[in-house]
1. Tell me the Kirkwood radius of the chain: reciprocal of the mean inverse pair distance over distinct alpha-carbon atoms, in Å.
2. Which whole-number percent gives the relative contact order of segment 1-74, counting Cα pairs below 8 Å spaced six or more residues apart?
3. What percent does the relative contact order of the chain come to when contacts are Cα pairs within less than 8 Å and at least six residues apart?
4. For segment 90-144, what class follows from the C-alpha gyration tensor (a ≥ b ≥ c being the square roots of its eigenvalues): rounded when a/c is under 1.5, otherwise prolate if a/b is larger than b/c, else oblate?
5. Between Arg70 and Asp111, how many nm apart are label points set 7 Å from Cα along the C-beta direction?
Amino acid sequence: MRAFGGAVLMALVLVLYLVVVVARAIAFIATGVPVGVAIGVALLVLPLIGAYLLVRELLFGLQATRLTRRLEGEEPLPGADLPRRASGRVERAAADADFAPYAEGVETAPDDWRAWLRLGIAYDNAGDRRRARSAIRRAIALAR
């Protein structure tokens, strides 16, 4: 829940930034000077890209949380019993040692969203965020 609060705070900060940038873009366009108009148009495009990426990330987070809660209701999550550091993160060596069954689970059942979500959580526990996100995206797609 703490991560969700942080994501919401960052989203609010980004929205504030986008509002300020749009106001500046309108001011540039209102000058009527060709260079100012070009800068204003560029400043309008950037907030659109930022808003798209914000919405995409928030949807990913909500979908991942929904699937994780669903899986957690059925069984303990990967790494639930692993030793943790003071920060709450799973110890890397323990996560690496616990990884193999989840990779095998995906090989055994490549169309099972639960197997992909377990693998994504195992990757996250091991500190590999890029692969974790990829596996969780696959789980979300399969759960649809």
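A short reminder: the numbers here are calculations on the coordinates, not readings from a lab. Remember, it's a predicted structure, so these values are computed and weren't measured experimentally. Cβ placement follows ideal geometry from the backbone for every residue including glycine, while neighbour counts extend to all protein chains displayed.
1. Values: mean 1/r = 0.0564 Å⁻¹.
Roughly 17.7 Å, rounded to one decimal.
2. Working: 34 pairs, mean separation 18.6, N = 74.
That works out to 25 percent.
3. Numbers: 131 pairs, mean separation 23.3, N = 144.
Contact order relative to length: 16 percent.
4. Numbers: a/c = 2.99, a/b = 1.55, b/c = 1.93.
In terms of gyration-tensor shape, oblate.
5. 1.7
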